[in-house]
Amino acid sequence: MRLALFDLDNTLLAGDSDHAWGDYLCRRGIVDAREYRARNDAFYQDYLAGRLDVLAYQDFCQEILSRHELAQLEQWHDDFMRDCIEPIILPRGEELLRQHREAGDRVVIITATNRFITAPIAARLGVDTLLATECEMRDGRYTGRVTDVPCFQAGKVTRLERWLAENEHGLEGSHFYSDSWNDLPLLGRVHHPVAVDPDPKLEAEARSRGWKVISLR
């Protein structure tokens, strides 16, 4: 069975779920909007520029999880899914997922965004296997700390290699779809790297290497 690996943000979604969650918290008045939005935007610019301190960012975005009961967080996430995620799910992305399933491929979402945000999105897209940045939990509550290797840049390769070993799977015939040059380490490992509505740096790299470039928009 071949693997079809998908980045999530700006690949299957017409936007960034991580950044959108921060905007949602600001609009709902759950956090100090002015301060939180400024930091959220700054981290997002660092991500786009390829200089994100992923551990500092996870400390920032997971801190809110530690301050609220799980039931409250899940209610907010339900609202977030309805108001922020459903409008940016790309129909052509869903069609591509369907094509891979029908071809007998195993579909995997592999994303730097944390599991609290992305697990319900993966479920909505019908994807059972999710590799994401992990959130530590203790006694039924989030601690606000990241656990395991963040699923970002070379960390995506590390996390995928472990998953491959645990599942006795290989990369023969594999695809990986991504929009971001942050994913160059993993794009360089699969048999069929595909740049999806890529950022300028990834587009230039993809064209220089002869990789496929597509749009799902």
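The values are calculated or read from the model by the stated rules, or taken from the named source; none is laboratory data. Bear in mind that the values here come from a model prediction, so they are computed numbers and not experimental data. Glycine also receives a Cβ, built like all others from the backbone with ideal geometry; neighbour counts cover every protein chain displayed. Heads up: the accessible areas ignore ligands, DNA and RNA and are worked out on the full protein's heavy atoms, side chains in. Shrake-Rupley method; radii C 1.70, N 1.55, O 1.52, S 1.80 Å.
Could you check the stretch 1-54 and list, in sequence order, the residues that are farther than 30 Å from H100 by Cα, part of a loop (DSSP other than H, G, I, E, B) and hydrophobic (A, V, I, L, M, F, W, C)?
I30, V31, L52
For a quick check of your reading of the model, give me the residue pairs whose first member lies in the stretch 158-169 and is closer than 17 Å to E134 by Cα, whose second is open to solvent by 60 Å² or more (accessible area, probe 1.4 Å) and among the charged types (D, E, K, R), with beta-carbon atoms closer than 9 Å and at least 6 apart or on different chains.
Note: pairs meeting the criteria are R159/D148; L160/R189; E161/R189.
Yes or no: the stretch 32-47 includes at least one residue that is in contact with a strand residue (DSSP E or B) (Cβ under 9 Å, 6 or more places away or on another chain) and open to solvent by less than 60 Å² (accessible area, probe 1.4 Å).
So in the stretch 32-47, the residues in contact with a strand residue (DSSP E or B) (Cβ under 9 Å, 6 or more places away or on another chain) come out as 47.
If we keep only those that are open to solvent by less than 60 Å² (accessible area, probe 1.4 Å) too, we end up with 47.
Scanning the stretch 32-47 turns up at least one residue that is in contact with a strand residue (DSSP E or B) (Cβ under 9 Å, 6 or more places away or on another chain) and open to solvent by less than 60 Å² (accessible area, probe 1.4 Å).
Of T118, T133, T143, T111, which residue is in contact with a Pro (Cβ under 7 Å, 6 or more places away or on another chain), touching a residue at least 60 places away in the same chain (Cβ under 8 Å) and not charged (D, E, K, R)?
So the residue among T118, T133, T143, T111 that is in contact with a Pro (Cβ under 7 Å, 6 or more places away or on another chain), touching a residue at least 60 places away in the same chain (Cβ under 8 Å) and not charged (D, E, K, R) is T133.
Of the residues L90, L70, L65, L96, which is over 29 Å from H175 (Cα atoms), modelled with pLDDT of 95 or more, buried (at least 17 other Cβ atoms within 10 Å of the Cβ) and among the aliphatic types (A, V, I, L, M)?
On the way: L90 fails: over 29 Å from H175 (Cα atoms); L70 fails: buried (at least 17 other Cβ atoms within 10 Å of the Cβ); L96 fails: over 29 Å from H175 (Cα atoms).
The match here is L65.
Just the residues that are open to solvent by 70 Å² or more (accessible area, probe 1.4 Å) and not in a strand (DSSP E or B), please, taken from the stretch 99-110.
Residues satisfying the conditions are Q99, R101, E102.
Can we say F116 is over 25 Å from F176 (Cα atoms) and either surrounded by 15 or more Cβ atoms within 10 Å (Cβ to Cβ) or modelled with pLDDT under 95 (or both)? Give the derivation first.
Details: over 25 Å from F176 (Cα atoms): no; either surrounded by 15 or more Cβ atoms within 10 Å (Cβ to Cβ) or modelled with pLDDT under 95 (or both): yes.
Criteria not met by F116.
Taking the condition of being within 21 Å of the chain's Cα centre (by Cα), open to solvent by 20 Å² or more (accessible area, probe 1.4 Å), over 21 Å from L130 (Cα atoms) and without any contact (Cβ under 8 Å) to a residue 40 or more places away in the chain, how many residues in the stretch 170-204 meet it?
Summing the residues that are within 21 Å of the chain's Cα centre (by Cα), open to solvent by 20 Å² or more (accessible area, probe 1.4 Å), over 21 Å from L130 (Cα atoms) and without any contact (Cβ under 8 Å) to a residue 40 or more places away in the chain in the stretch 170-204 gives 3.
Which helices (runs of 4 or more DSSP H) sit wholly inside the stretch 126-217 and have at least 2 residues that are modelled with pLDDT of 95 or more and of a type in the set (D, E, K, R)? Steps first, please.
Details: elements: 154-166, 184-187, 200-209.
Qualifying helices (runs of 4 or more DSSP H): 154-166, 200-209.
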